[in-house]
1. Among the residues of the stretch 105-130, how many are modelled with pLDDT of 95 or more and more than 23 Å from the chain's Cα centre (by Cα)?
2. Looking at ALA147, ALA102 in this structure, which one is within 21 Å of PHE81 (Cα to Cα) and either under 17 Å from the mean Cα position of the chain (by Cα) or modelled with pLDDT under 95 (or both)?
3. If I ask for residues that are modelled with pLDDT of 90 or more and among the polar types (S, T, N, Q), which ones from the stretch 29-61 would you list?
4. Looking at the stretch 143-175 only, could you name the residues that are among the aromatic types (Phe, Trp, Tyr) and touching a residue at least 40 places away in the same chain (Cβ under 8 Å)?
5. Of all strands (runs of 3 or more DSSP E) completely enclosed by the stretch 65-175, which ones contain at least 3 residues that are surrounded by 15 or more Cβ atoms within 10 Å (Cβ to Cβ)?
6. Out of everything in the stretch 62-79 that is closer than 17 Å to LYS108 by Cβ and in contact with a strand residue (DSSP E or B) (Cβ under 6 Å, 6 or more places away or on another chain), what residue ends up being modelled with the lowest pLDDT?
7. Which of the residues that make up the stretch 126-142 are over 19 Å from PHE106 (Cα atoms) and either of a type in the set (A, V, I, L, M) or touching a residue at least 60 places away in the same chain (Cβ under 8 Å) (or both)?
Amino acid sequence: MLKIPHKSILFTSKILKTMKHILTIFFLTFLYISCSANKEYLPEDFWGMKLQRKLTGKEAKEFVDKLHFQNVATEKNEVGFYKGEIGNAAVYITYYSDEKNAYQDFRKMTEKISPENSMFVRGTYHNINNKQIYSCMGLGQVHYVFAHKNLLFWISADPNFSRNFLDEYMKLVMN
């Protein structure tokens, strides 16, 4: 029978416990980062409203392109349609490879819809929660456009609650 000194067993036990703690911390950190990276920007329930329909992938791209009568959507898009007792809202999200492209398209888009000869009127830029937001009216709704990180958001909501919806949605996006 092989005799192992008592001190060696204690030393090995301490190493295993330390490794277990390190692996646990690593796993929890990885889990946190993974969950943060996959933030859900179209929750099932939001601000007392229910997500009625969610478009992703090819279906979302085709929907956005059809709205514009031409190919404008990037590869990754999401569209969510919300309904509640208060009214209706829609959230359009376009994903870009980086922040720079999202902000460039924010500028391009708002410049195109700014002229009063488009279906959108009263376009203005605002600074809301330290974020540049473009708002306009059209098609019976208030529309808000803003970029955040590598994302471009377009929110359309009924006028009676549009600003409150925007404020709450921005909290979701920024946190």
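The values are calculated or read from the model by the stated rules, or taken from the named source; none is laboratory data. This one's a predicted model, so the numbers in the text were calculated from it and none came from an experiment. We place every Cβ from the backbone using ideal geometry, glycine too, and count neighbours over all the protein chains shown.
1. Residues meeting the conditions: 0.
2. That would be ALA147, the only listed residue that is within 21 Å of PHE81 (Cα to Cα) and either under 17 Å from the mean Cα position of the chain (by Cα) or modelled with pLDDT under 95 (or both).
3. GLN52, THR56 - these are the residues of the stretch 29-61 that are modelled with pLDDT of 90 or more and among the polar types (S, T, N, Q).
4. Hits for the stretch 143-175 are PHE146, PHE153, TRP154, PHE161, PHE165, TYR169.
5. 76-84, 87-95, 131-138, 141-148, 151-157
6. THR74
7. Passing the criteria: only LEU139.
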